[in-house]
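Undergrad: Here it is, the structure, as C-alpha cells.
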Amino acid sequence: MTRSRLLIAASAGVLATTLVLGNSSPAGAHRQAAVGTTGGAAAHDTHLGPTPTGVSVAPGQGGRIAFTRGGRLFVMGSDGSGAVDITPTCEAFEPAWSPDATMIAFIHRCGPSGTFDLAAVEPDGSNMVTLVATGTDEAQPAYSPDGDRIAYRSSDAGSADIYVANADGTDPVRLTSSPAVDDSPSWSPDGQQIAFDSDRSGSFDIFSVQSDGSDVTRLTSTPANDFFASWAPDGRRIAFDRGADIHWMSVPGGEVRRLTSDSASTMPEWSPDGTRLAFVQNGQVAVMNADGTGVTSLGDGSWPAWESLGGQGDASIWFLSDAHVDVGRKVSLAGWLSIPGASSAGRVVTVEARPPGGAFASIGTTTSELDGQFRFTSVPHETGTWTYRVTWSEEGATPATFQATIEARKRVAVVAVALSDQKLHYGQSARVTARMEDGPARAVVSIYGQPEGRARFLVDRGRVDRHGTRSTTVRPKAHTTYWAQFAPTRGWTGDRSRTVRVHVDAAWTARARGGYATAGRYRLYHYSRTCMSNPPQGCPQYLFTLHPKHPGARVEFRFEYHFRGRWRGTSSTGELGDRKRILAWTWYRDDRVLGVPLRMRVRFPGDDDHGAASSAWVYAKVTR
C-alpha cells in the first residue's frame, strides 16, 4: 500500500450543544530639631524637602561676625551691617574670637614670600601681638572654651599637624603626628576634645582627638572630602563641608544632615547660641538657620567667625523632634536647657501641646539631667499639625521658652496580593491571597477582579487572619487581573496593591464517537462500504468540545495516519458557528484502510480573552 493508492479524507461539521535623637517613631521620618531662646516667641520652620536636614530654629542672639575680604580683616554685625576694616598688618586671614570676645586670633604675613604667623588683635584693630612664628606656615586658630589655650595647624615638624599652645602662644604642644594633612581644629564646648579634618585615610574626613593628644577617632568615612569641622555650642553636633555643601552630624551617633544643596558652600561656623550658622556661599559670607532655611547673604568675604557671648546672656532651651510622626503612636522627644554660668541639671521644664485647631494645654513637666537634657513623650491622637511648647522659668531668671511643630499623619498601610497559579486552563481554579504587609490588626481588605475588556467586580471582602492574610478561590472564565485594596481609616492611609494577572487558556474535551470497542487508545470501527455515502455511515468519528464557546472563531484540524513507521497527514481550517461542539469523521474508499492507525486533533489559536489550546489526539482503527 502506497500513499498514492490510499485515499483517506477528513471533513468537519458543526453540531448543536450548548522627634529625634532617640525618637521612638518609625525610622525614615525627616527629623527636625528646633532651638529657642529667651526674649520673645520662638520661630519654627519644619523642613519638608527631599534632603534630611535637622534643625529648625528661632533667631538666636547675634553678636558680631569677623571675616576676611581681599586679605583684610573685618568685623560686622550678624546682619551684615557696620562692617569695619580692623586689619593691623599686611595681610590677615582666618579670624577666631576669644571666648570673652576681647581678642581675635588670626594669621598674617607680609610680602608674597613670607610665611603665615599666628597673631591676635583687639576687635577694634588695636594692640596686635604675634603669638606663634616658627618660620613655617601656621593656620586656622581656635580658642579653647575657657580661653586659656589656642589650637592651630602648623607645619613646624614638616607635616601639617594640630598644635595647642597657651593663649599667649607659649608652650606649644604637637597633638597629632601624621604624614598626612591635619587641619581646621575646633574645640568641643567642654574643652575635652578637638575636631579636625585629615586625609590620613585617603580622602579628607572628620576626626577628633582628646585635648591631650590621645584617642584619635575617625568620625566620618566617605569617598567625599569632609572639611572645616565646627563644633556646635551644645556639643552634640559638628558642622562641616562635604562636597561644597554644609552638613552637620550628631555626636555621638554620626547621623548626618545636609543643609545646603548648591555645591558652593563651605567654612561653616556656629552662632554662639547654636541657632544659626555663618558660612561662605559663592564667595560671600552668609548666615542661615541651623536647618538650612533662611539663607541671607551678608556680602563678599570668607572665613566667618562668630563672636562669643562671653559666658553671659540668658538661658536657652530647644528640643529635637521628627518633622513627621504617625498618628496614634507615642513619640519620644529630647531637648536641652542651657543656663550660662550655672548648672542646667535638675531644672523643671514645663511641656504644653496644642492639637490641630485647638489651644495649648499642659501635658506635664520633666526634669533636666546632668547635662541639661530633658525628655518627654506624647501621643498625637489625630492627624494635622501639633505644636509643642517647652518653658523653663525660675524666680530671678529670665524665662526660656521654645515651641515647634510636628506633623502627625496617618500611618502608611501596605497591602499586597499573590496568586497560587498565573496560568490556568478554562475551568481550573486558583487561590488569590491578600496580605497586609503593614496595617492595623484584623484589617478589612477587599479583593477585586477584572476580566479582559470588562468591568471590575468584587471577589471577596473581609478581615485578615492573625497572620495578616485573607485568601479566596477563584475560577476565572477569561484572562483576569486581580488586586487587593485597603480602605483608609482614622489612623491609616488606604492602599491598593499591584495587580496580578491570570492567563486562561481555552480547553478542549475530545473523544471518539460510535465504534464497537476500544483496544488500548484506539476506538475500533467495523469496515463499512457506506462510509463514502452521503451522509457517510460507519466512518470513524471524532467529537471535540471547546470551552468556552467562541462563535465565529477559526480552528485548525490535523488528521494523520501511521504508514511506514511514521505519522503522516494533512491540516485544514474551519470556522465555528454559534456552537462549541465539532464533529469530524474520516472517509475511506476500500478495505486498504483496515488496520491503519488513524488520529485527529483540533487547535484553537487563542484570542483577546483566552490563550491557545490544542485538544488531545483521538485515535481510531477500522477492522473487519
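Undergrad: Cα to Cα, under 16 Å, and not fewer than 8 places away if on the same chain: which aspartates and glutamates meet these conditions relative to K423?
TA: E452, D505, D607, D608, D609
Undergrad: For segment 418-495, with all protein chains present and a 1.4 Å probe, just round the carbon and sulfur fraction of the accessible area to a whole percent.
TA: Here it works out to 42 percent.
Undergrad: A follow-up question, please. Place the peptides 548-557, 181-190 in order of packing, highest mean first, counting for every residue the other Cβ atoms within 10 Å and averaging per peptide.
TA: 181-190, 548-557
Undergrad: Once the piece of chain linking T398 and R354 is laid out straight, how much longer is it, given 0.36 nm per residue of separation minus the C-alpha distance between them?
TA: My answer for the length gained is 13.5 nm.
Undergrad: Which entry in [x] 1.67; [y] 0.97; [z] 1.14 matches Cα Rg over 2.2 N^0.38 Å derived from the coordinates of this structure?
TA: After the calculation, the listed value that fits is [x].
Undergrad: Taking the Cβ of M600 as the centre, find all other residues whose Cβ is under 9 Å away and add up their charges (Lys, Arg: +1; Asp, Glu: -1).
TA: Neighbour charge sum, excluding M600 itself: +2.
Undergrad: From largest accessible area down, sort E91, E395; use a 1.4 Å probe on the protein chains.
TA: I get E395, E91, largest accessible area first.
Undergrad: Among T130, S159, A101, pick out the residue whose Cα is farthest towards the positive end of the charge dipole of segment 92-217, where Lys and Arg carry +1 and Asp and Glu carry -1 on C-beta, about the Cα centre.
TA: Looking along the dipole axis, the top candidate is S159.
Undergrad: Report the accessible area of T570, computed with a 1.4 Å probe over the heavy atoms of all protein chains in place, in Å² rounded to the nearest 10.
TA: Accessible area, nearest 10 Å²: 80 Å².
Undergrad: Next question, about the same structure. Leaving out ligands, DNA and RNA, and with a 1.4 Å probe, what % of the accessible surface on segment 68-163 is carbon or sulfur?
TA: Solvent-exposed carbon and sulfur of segment 68-163 make up 48 percent of the total.
Undergrad: Where the only charges are on Cβ atoms (+1 Lys, Arg; -1 Asp, Glu), what is the dipole of the chain about its Cα centre, to the nearest 20 debye?
TA: Value, rounded to 20: 9620 debye.
Undergrad: Here is a follow-up. Using the heavy atoms of the protein chains alone and a 1.4 angstrom probe, what is the accessible area of segment 76-229 per residue in square angstrom?
TA: The answer is 39 Å² per residue.
Undergrad: If you don't mind, there's one more thing I want to ask. First select every other residue whose beta carbon is under 11 angstrom from the beta carbon of A224; then total the charges, Lys and Arg +1, Asp and Glu -1.
TA: Summing Lys and Arg as +1 and Asp and Glu as -1 gives -3.
Undergrad: Next question. Over segment 395-487, give the accessible area per residue in Å² for a 1.4 Å probe, as an integer.
TA: 53
Undergrad: Moving to a separate point now. Counting only protein heavy atoms and a 1.4 Å probe, tell me what percentage of segment 183-309's accessible area is made up of carbon and sulfur.
TA: Result for segment 183-309: 45 percent of the exposed heavy-atom area is carbon or sulfur.
Undergrad: Moving on. Hey, if we sort T366, T383 by accessible area with the 1.4 Å probe, largest down, what's the order?
TA: Heavy-atom accessible area, descending, gives T383, T366.
The values are calculated or read from the model by the stated rules, or taken from the named source; none is laboratory data. Source: prediction; values computed, not measured. Here Cβ is always computed from backbone atoms with ideal geometry, including for glycine, and neighbour counts include all displayed protein chains. All accessible areas refer to the heavy atoms of the entire protein, side chains included, with ligands and DNA or RNA removed. Shrake-Rupley method; radii C 1.70, N 1.55, O 1.52, S 1.80 Å.
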